[in-house]
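The values are calculated or read from the model by the stated rules, or taken from the named source; none is laboratory data. As the structure is a prediction and not an experimental result, all values here were calculated from the model. Positions of Cβ are generated from backbone atoms using ideal geometry, with glycine treated the same way; all protein chains shown enter the neighbour counts.
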Amino acid sequence: MSTQTLEVINDEVVLTPKAIEEVKKIKASNNIPETHGLRLGVKGGGCSGLSYVLAFDEKEKEKDIILEVDGVKVFIDPKSMFYLSGTTLDFTDGLNGRGFVFNNPQATKTCGCGSSFGV
């Protein structure tokens, strides 16, 4: 990972400035209201056992952990937070592709698609 400044949204999850910028661009280009938050999550499935979830939600759910960084609301359910502890969400647009990248120190195995992991 580069030496750029990271935005810590709590003690366990980090969004890089590039990730924050891209979330804002996606919201603007798709007319997603400012009140909607970014949902970070984990669900069962994928070739390594678990898959990351990125979506926009109109509002938080009852037990969500609600975080905000640089004007971006982030919703994480408690179960997902268990798997996302220590994770950095970045955005890349380099030669190897364009998209969000989860750098999760808990992942003991990953697959080639980059959206599935195991612990």
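Of all residues in region 52-78, which are buried (at least 18 other Cβ atoms within 10 Å of the Cβ) and at pLDDT below 90?
Kept after step one, since they are buried (at least 18 other Cβ atoms within 10 Å of the Cβ), are these residues of region 52-78: 52, 64-65, 67, 69, 72-77.
Of everything in region 52-78, those that are buried (at least 18 other Cβ atoms within 10 Å of the Cβ) and at pLDDT below 90 turn out to be 52, 67, 69.
Taking only region 13-51 into account, find how many residues are surrounded by 15 or more Cβ atoms within 10 Å (Cβ to Cβ) and of a type in the set (Asp, Glu).
1
Go through region 79-104 and report how many residues are crowded, with 19+ Cβ neighbours inside 10 Å and of a type in the set (Gly, Ala, Ser).
Of the residues in region 79-104, 1 are crowded, with 19+ Cβ neighbours inside 10 Å and of a type in the set (Gly, Ala, Ser).
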